[in-house]
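Asks: Here you go, one structure.
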Amino acid sequence: MNDTSELIMVAMSGGVDSSVAAMLLLEQGYDVAGVSLQLKSNNEPYGNGYNLKLINRAREVAAALGIPHYVVDLSDIFSQRVIADFCQQYSQGRTPNPCIRCNYYVKIGALLDKIPDFNAGYLATGHYARVLSDENGTHLLKGADEKKDQSYFLYTLPPESLSRLIFPLGKRYKKDIIRLAAKMKLPVSQKESQDVCFIPDGDYKSFLATRMGFTPGKILDKTGKILGEHQGLPLYTIGQRQGLGLASNEKLFVSDMNPEANTITVASHDQLYTSRILLSNFIWRENSIPLDTPGMIVKVRYKAAPAEVKKISQTGDFYLLELANPVWAATPGQAAVIYLGDTVLGGGIIEYGGDAA
């Protein structure tokens with residue numbers, strides 16, 4: 001975009017990334033205002049004031065930059081679309097990625113719907129990702145900083161949302177952003193964003209315990225032999241080794257969770273590798289790029305090493321992803337995001353990982 005007269009709302013968390021994003025847009029001559037999200041209602045037993053601290057920090061940064069600052073209450077949609085789903089997924093023996101849903105429904109989706117109330121035309125965030133528009137449409141690309149690239153969390157965003165988004169940090173590197181914040185003496189938090197912002201202390205067990213009961217069940221090996229007892233499916237995830245309480249001569253990891261039978265199956269490390277992954281809610285962003293295009297790679301978790309895609313095929317309402325080399329612990333509930341070079345092609349939610357898929 002080139003029209004510097006149109007107001008840009010910057011989603012500000014009080015952290016270094018969103019703060020520097022606002023500063024960079026100001027330096028480029030744009031009209032900028034900050035907006036923070038209230039995500040905790042008074043009757044929600046989580047956060048311990050963490051959300052309020054972030055809002056106050058963002059307000060301080062906005063004052064230092066000399067820009068207006070607003071707060072939008074999205075606690076209801078956050079509770080319904082993110083918190084409720086998070087708990088439901090764990091109750092079903094799955095491991096969700098709430099950041100992907102939050103970006104789609106709340107931090108970008110709902111906030112984009114709100115920016116016309118401020119007479120703004122665009123929303124900017126501190127994500128390390130890029131948007132490219134050409135004759136073939138609007139495309140989502142990786143951020144230049146491979147270590148900080150956050151395109152994985154944005155793969156569900158539709159083109160019409162991307163066309164109204166600005167990622168000022170997309171071509172920059174984290175070390176430079178930290179340096180700029182220090183140079184301008186911005187009153188930002190130097191802590192990295194929380195993996196799950198609504199559980200700032202990282203205590204999943206206590207958080208889930210306030211919303212659901214844990215029902216103990218059996219731990220089985222691959223043959224169905226009972227090895228022990230688990231404390232409740234929400235407390236475990238595929239690939240977990242710690243906390244199983246099993247006496248065994250070999251290292252055993254959670255390989256499968258069956259919510260109907262309330263059982264957990266464990267296996268050796270090598271038995272968790274798979275080259276076939278079944279995906280639901282499949283999205284293909286690039287209609288001009290066929291599913292059989294050579295050179296595609298997939299990430300089955302945000303921090304996972306990329307794996308080469310051999311074949312993608314539809315099977316009913318699902319898509320089967322076949323890999324050139326196996327990946328370890330493909331986890332139901334996590335996203336598998338597919339790339340060609342820097343371009344995000346699409347992805348889906350992992351339902352099953354196994355060579356018998």
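Asks: Filter segment 164-198 for residues that are surrounded by fewer than 20 Cβ atoms within 10 Å (Cβ to Cβ), modelled with pLDDT of 95 or more and assigned to a loop (DSSP other than H, G, I, E, B) and give the result.
Replies: Arg164, Lys171, Tyr173, listed by residue number.
Asks: Something else now. Which of the residues spanning segment 116-153 are touching a Lys or Arg at 6+ places or on another chain (Cβ under 8 Å) and not in a loop (DSSP other than H, G, I, E, B)? Before you say what the answer is, go through the steps one by one.
Replies: Quick first cut of segment 116-153, residues touching a Lys or Arg at 6+ places or on another chain (Cβ under 8 Å) only: 121-123, 125, 128-130, 139-145, 147-149, 151-152.
Those that are touching a Lys or Arg at 6+ places or on another chain (Cβ under 8 Å) and not in a loop (DSSP other than H, G, I, E, B): Gly121, Tyr122, Leu123, Ala129, Arg130, His139, Leu140, Leu141, Lys142, Ser151, Tyr152.
Asks: Among the numbered conditions (1) closer than 24 Å to Gly170 by Cα; (2) open to solvent by 30 Å² or more (accessible area, probe 1.4 Å); (3) aromatic (Phe, Trp, Tyr), tell me where Tyr50 comes up short.
Replies: Every condition holds for Tyr50 apart from (1).
Asks: Okay, moving on. Please give the number of the condition Gln242 fails out of (1) open to solvent by less than 60 Å² (accessible area, probe 1.4 Å); (2) free of Cβ contacts under 8 Å to residues at least 60 places away in the same chain; (3) under 20 Å from Tyr90 (Cα atoms).
Replies: Going through the list (1) open to solvent by less than 60 Å² (accessible area, probe 1.4 Å); (2) free of Cβ contacts under 8 Å to residues at least 60 places away in the same chain; (3) under 20 Å from Tyr90 (Cα atoms), Gln242 breaks only (1).
Asks: Then there is this: Does at least one position in segment 244-257 carry a residue that is out of contact with any strand residue (DSSP E or B) (no Cβ under 9 Å at 6 or more places or on another chain) and at pLDDT below 90? Lay out the reasoning, then the answer.
Replies: Residues of segment 244-257 out of contact with any strand residue (DSSP E or B) (no Cβ under 9 Å at 6 or more places or on another chain): 249-251.
Now drop any that are not at pLDDT below 90, which leaves 249.
Checking segment 244-257: at least one residue is out of contact with any strand residue (DSSP E or B) (no Cβ under 9 Å at 6 or more places or on another chain) and at pLDDT below 90.
Asks: State whether one or more residues within segment 140-159 are farther than 24 Å from Lys299 by Cα and open to solvent by 30 Å² or more (accessible area, probe 1.4 Å).
Replies: Filtering segment 140-159 down to residues farther than 24 Å from Lys299 by Cα leaves none.
No; the residues of segment 140-159 include none that is farther than 24 Å from Lys299 by Cα and open to solvent by 30 Å² or more (accessible area, probe 1.4 Å).
Asks: Considering only segment 204-239, state which residues are in contact with a strand residue (DSSP E or B) (Cβ under 9 Å, 6 or more places away or on another chain), outside any loop (DSSP other than H, G, I, E, B), in contact (Cβ under 8 Å) with a residue 40 or more places away in the chain and open to solvent by less than 20 Å² (accessible area, probe 1.4 Å).
Replies: Residues satisfying the conditions are Gly217, Ile219, Leu233.
Asks: In this structure, does Gln80 turn out to be free of Cβ contacts under 8 Å to residues at least 40 places away in the same chain, of a type outside the set (Asp, Glu), open to solvent by 30 Å² or more (accessible area, probe 1.4 Å) and closer than 30 Å to Ile264 by Cβ?
Replies: Yes, satisfied.
Asks: Tell me the residue from Ala64, Ala11 that is modelled with pLDDT of 95 or more and either open to solvent by less than 30 Å² (accessible area, probe 1.4 Å) or under 26 Å from Leu235 (Cβ atoms) (or both), please. Don't jump to the end; show me each part of the working.
Replies: Values: Ala64 fails: either open to solvent by less than 30 Å² (accessible area, probe 1.4 Å) or under 26 Å from Leu235 (Cβ atoms) (or both).
It is Ala11.
Asks: Let me ask something else about it. For Asn103, work out the one condition from (1) out of contact with any strand residue (DSSP E or B) (no Cβ under 7 Å at 6 or more places or on another chain); (2) surrounded by fewer than 21 Cβ atoms within 10 Å (Cβ to Cβ); (3) of a type outside the set (Ser, Thr, Tyr) it doesn't fulfil.
Replies: In the conditions (1) out of contact with any strand residue (DSSP E or B) (no Cβ under 7 Å at 6 or more places or on another chain); (2) surrounded by fewer than 21 Cβ atoms within 10 Å (Cβ to Cβ); (3) of a type outside the set (Ser, Thr, Tyr), Asn103 misses (2) alone.
Asks: Please verify whether Gly239 is more than 21 Å from Met212 (Cβ to Cβ) and either touching a helix residue (DSSP H, G or I) at 6+ places or on another chain (Cβ under 8 Å) or modelled with pLDDT of 95 or more (or both), treating the condition exactly as stated. Step through it out loud before you land on a result.
Replies: Numbers: more than 21 Å from Met212 (Cβ to Cβ): yes; either touching a helix residue (DSSP H, G or I) at 6+ places or on another chain (Cβ under 8 Å) or modelled with pLDDT of 95 or more (or both): yes.
Judged against the criteria, Gly239 is a match.
Asks: Next question, about the same structure. Mind checking which strands (runs of 3 or more DSSP E) fall wholly inside segment 251-357 and carry at least 3 residues that are open to solvent by less than 60 Å² (accessible area, probe 1.4 Å) and under 18 Å from Arg94 (Cα atoms)? Outline the logic, then answer.
Replies: Details: elements: 253-258, 263-267, 273-284, 297-299, 307-315, 318-328, 335-340, 343-353.
The qualifying strands (runs of 3 or more DSSP E) are 253-258, 263-267, 273-284, 335-340, 343-353.
Asks: Here's something else I'd like to know. Checking Ser248 against (1) of a type in the set (S, T, N, Q); (2) open to solvent by 30 Å² or more (accessible area, probe 1.4 Å); (3) under 21 Å from Arg101 (Cα atoms), only one condition comes out false. Which one?
Replies: Of the numbered conditions (1) of a type in the set (S, T, N, Q); (2) open to solvent by 30 Å² or more (accessible area, probe 1.4 Å); (3) under 21 Å from Arg101 (Cα atoms), the odd one out for Ser248 is (3).
Asks: Okay, moving on. I'm trying to understand the selection: among the residues of segment 26-37, which are in contact (Cβ under 8 Å) with a residue 24 or more places away in the chain and either within 25 Å of the chain's Cα centre (by Cα) or surrounded by fewer than 21 Cβ atoms within 10 Å (Cβ to Cβ) (or both)?
Replies: From segment 26-37, those in contact (Cβ under 8 Å) with a residue 24 or more places away in the chain are 26, 28-37; that's our starting set.
Correct list: Leu26, Gln28, Gly29, Asp31, Ala33, Gly34, Val35, Ser36, Leu37.
The values are calculated or read from the model by the stated rules, or taken from the named source; none is laboratory data. Note that this is a predicted model, so its numbers are computed, not measured. So basically every Cβ, Gly included, is an ideal-geometry build from the backbone, and we count neighbours across all protein chains shown. The accessibility values were calculated without ligands, DNA or RNA, using every heavy atom of the protein model including side chains. Shrake-Rupley method; radii C 1.70, N 1.55, O 1.52, S 1.80 Å.
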